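One structure is given below, encoded as structure tokens.
Values quoted throughout were computed directly from the atomic coordinates according to the rules given, and no laboratory measurement underlies them. Please read all numbers here as calculations on a predicted model, not as lab measurements. Using ideal geometry, Cβ is built from the backbone for each residue, glycine included, and neighbour counts are taken over all protein chains shown.
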Ligand code: SF4
Ligand code: SF4
């Protein structure tokens, strides 16, 4: 309907309106193509970039894990082959998951005669660990660390419980 020489939609004549619709239609197509090409640019770049997929377990012998990977908690020995643990209990206190259970003895130091704590049993339940690394972070002696071993599957979950200060369960 016309009013004051104009149609209700503000155009002077129908052909001007059609032209505007045509322009916005073509503009939408152009915009769609531009965004499609932007997405395809990423696809093409990745297509010609070297592959990073690890073909595990076929590559088990050559697989290199990052040093920062948290595989299994273990107790590294010092240069004299001794535990670094000073039996302070901080790791157990800070573990949010009740994964660590320490049995600590109090003995008399052979040289000074003073009482001191020694670790009797350092029990670690790998099946309960959530690898937060809080225990390693709080340890003042650097007595525990994570190695990069990650193949933890067992048929009996009891085998995930390790006594870290015993030779059989020492790793790395
Ligand atoms: S990594 Fe976290 S959950 Fe696992 S033993 Fe250490 S503090 Fe506990
Ligand atoms: S492992 Fe570290 S934090 Fe835990 S009891 Fe030993 S010295 Fe303390």
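See the values below:
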item: Filter pass, residue 58 being at negative phi, loosely packed, with under 11 Cβ neighbours inside 10 Å, away from ligand 2 (no atom under 16 Å from the Cβ) and in contact (Cβ under 8 Å) with a residue 12 or more places away in the chain; result: no
item: Residue in segment 103-125 that is surrounded by the fewest Cβ atoms within 10 Å (Cβ to Cβ), counting only those that are more than 8 Å from ligand 2 (Cβ to nearest atom) and closer than 27 Å to residue 153 by Cβ; result: 121
item: Test for residue 102: is it within 15 Å of ligand 1 (Cβ to nearest atom), within 23 Å of residue 151 (Cβ to Cβ) and in contact with a strand residue (DSSP E or B) (Cβ under 7 Å, 6 or more places away or on another chain); result: no
item: Some residue of segment 113-124 being more than 15 Å from ligand 1 (Cβ to nearest atom), touching a strand residue (DSSP E or B) at 6+ places or on another chain (Cβ under 6 Å) and over 18 Å from residue 75 (Cα atoms); result: yes
item: Only one of 164, 160, 90, 100 that is surrounded by 15 or more Cβ atoms within 10 Å (Cβ to Cβ), in contact (Cβ under 8 Å) with a residue 24 or more places away in the chain and away from ligand 2 (no atom under 15 Å from the Cβ); result: 160
item: Enumerated strands (runs of 3 or more DSSP E) restricted to segment 63-165, each holding at least 2 residues that are touching a helix residue (DSSP H, G or I) at 6+ places or on another chain (Cβ under 6 Å) and closer than 30 Å to residue 53 by Cα; result: none
